[in-house]
């Protein structure tokens, strides 16, 4: 018998629809951009089902209701949805995330997809500033790369990265700083694709509470102009890439001219191209190693 069809438990149940409506109102009052979606995802998490299963569930048990209301209260305090769920969706993956690691954003899926399309069978790929491993693991999941190096310097983020990479034998987790000129020195001139979603928000830029209070600042902010990490990333990528190798870097929407300009000025790249995200904002730049 389906879980929502136990007549003997009706006294212990509360109708789901009014609870979803009430939660949506609470989250809307808290200023969330998608209160209904968040409410449904939290309800599904409390019930232990997929969001799609909510369509055939009419009631919640007392324990489920208590969990749901607690989760809604936490979300109203702007605790990241992904922290409450314990995972973040990215392309075809569900990544474990929580305190100490940057929650991957949907716009980064575009950069990952660009890199995947340019990863030939047997290729060597490097993901710099890997964080949770979203880009590196997507490359390993969707391409026939033989080696994917996921580079991260933060001890807290590395714990999440290693956890997520456990079932991806092609991925090698490297503890390292992209400003270190000797990083991956044994791979200089041998890498086919370098991808990077670095910290790039200019210092002082207002950000939502989910970011300011929960994402690690070192994974968000990139110095006064937002380019403090991007500059050494470009130099490192030039050393790592073989001739004809590809580079993709995500950046802030104020960097639509700045990052392509840095790639042009470096002198070691050709075919520099600016790319927009799905909202039409500048989002990442790509180039080819001369």
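Nothing in this text is a laboratory measurement; each read-out follows from the coordinates by a stated rule. Please read all numbers here as calculations on a predicted model, not as lab measurements.
Can you tell me the equivalent ellipsoid semi-axes for region 188-290? Use √(5λ) from the Cα gyration tensor, largest first, whole Å.
On the way: eigenvalues 128, 40, 26 Å².
Equivalent-ellipsoid dimensions as semi-axes: 25, 14, 11 Å.
What is the distance in Å between the Cα centroid of region 138-190 and that of region 210-253?
15 Å
Hey, what's the per residue convex hull volume over the C-alpha atoms of region 127-223, in cubic angstrom? Please list the in-between numbers first.
Working: hull volume 10.6 nm³, N = 97.
So the per-residue hull volume is 110 Å³.
I'm a student and want to see the number: the projected area of the Cα convex hull of the chain, averaged over all directions, in nm².
16.4 nm²
Could you work out [θ]222 nm for the chain from helices alone, using -39500 (n - 2.57) per DSSP H run of at least four and dividing by all its residues? Round to the nearest 500 deg cm²/dmol. If you can, show how the numbers build up before the last one.
Working: 10 runs with 103 residues, N = 290.
Only helices count here, giving -10500 deg cm²/dmol.
Any idea what diffusion coefficient region 34-186 gets from Stokes-Einstein, in µm²/s, Kirkwood Rh on alpha carbon pairs, 20 °C, 1.002 mPa s?
Details: Rh = 17.0 Å.
In µm²/s, the coefficient is 126.
Cα-Cα pairs above 19 Å in region 7-77: how many percent?
Values: 666 of 2485 pairs.
Of the Cα pairs, 27 percent sit more than 19 Å apart.
Inverting the mean 1/r over all pairs of different Cα atoms, compute the Kirkwood radius of region 38-113 and quote it in Å.
Numbers: mean 1/r = 0.0738 Å⁻¹.
Value: 13.5 Å, from the Cα pair sum.
In whole angstrom, note down how far apart the Cα centers of region 88-128 and region 67-84 are.
25 Å
Sort all Cα-Cα distances of region 109-159 into consecutive 5 angstrom bins from zero, then give the percent of pairs in each bin up to the one containing the longest distance.
For region 109-159, the pair-distance distribution reads 5, 24, 32, 21, 11, 6, 1.
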